[in-house]
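FYI, it's all coordinate maths here, none of it is from the lab. Because the structure is a prediction, the values reported are computed rather than measured. All Cβ positions, glycine included, derive from the backbone under ideal geometry; neighbour counts span all protein chains shown.
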């Protein structure tokens with residue numbers, strides 16, 4: 001899908017406004033900002049739907065927020081113990097390419113927050129690692145993950161949040177030795193829109209043949225089980241009916257169709273330990289269907 005420049009500007013303005021509002025209305029704590037994004041994602045979803053109205057694109061977006069962080073144990077001399085794998089995971093799945101999704105995993109940092117050396121080594125060198133979060137480690141096989149071509153890549157990046165100025169509030173950076181806030185030079189909103197074009201992030205392929213795809217798949221399953229597994233059994237929300245309509249091809253594989261039973265209203269719940277405001281993991285799944293043309297707008 002290629003978004004025309006006129007439409008891109010509308011999407012950019014709506015998205016920039018949404019994320020700025022989430023910063024203003026949340027306390028200046030990273031998990032609270034993520035929680036606010038989750039609670040109000042329906043606003044961004046509806047804005048995008050309004051912008052896409054009149055095109056032949058079908059679009060849906062939902063989120064899951066958990067007051068937990070997925071932890072891993074890297075096989076690295078820099079890491080003395082476990083470290084969180086990420087704070088935000090964006091996944092874009094396109095109906096016409098249902099065996100391929102695009103994933104962007106972000107470490108979110110307020111501009112004044114020190115960079116954890118173990119985290120940075122993980123995103124820079126991608127040493128072999130296993131999950132120390134038991135809910136993931138207990139179900140994966142094999143236990144160890146080896147990311148192909150273990151160098152910094154577009155699928156794993158740092159998101160820096162400017163707490164002193166709205167100008168360039170959210171910027172991303174490529175992991176590198178000595179990483180700091182001044183290295184963040186990519187506009188986060190542009191990067192998110194590029195995810196719709198499959199020009200940012202890193203591919204996740206089904207059937208799974210590499211450990212990057214397996215990591216994203218396991219994170220999705222873990223978030224889904226944490227978020228929905230503790231809900232009242234069998235709950236379905238009518239807001240998902242439009243999504244159900246165009247997700248009806250049972251021959252498709254991958255995250256797109258495996259999301260089928262789990263999407264529901266964005267505001268219906270936040271799972272995990274509510275007493276732990278220092279942890280949080282946000283997963284946002286964007287689903288598009290553009291059957292006729294590649295250029296939108």
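A few notes on this one:
- The protection proxy used here, the mean number of other Cβ atoms lying within 10 Å of each residue, ranks peptides 166-174, 121-129 as follows, highest first: 121-129, 166-174.
- Inter-label distance, residue 167 to residue 209: 4.8 nm, where each label sits 7 Å from its Cα along the C-beta direction.
- C-alpha center-to-center spacing [the stretch 125-176, the stretch 184-217] in angstrom: 12 Å
- Peptides 42-50, 155-163, 136-144 ranked from most to least packed give 155-163, 42-50, 136-144, packing being the mean of other C-beta atoms within 10 angstrom over each peptide's residues.
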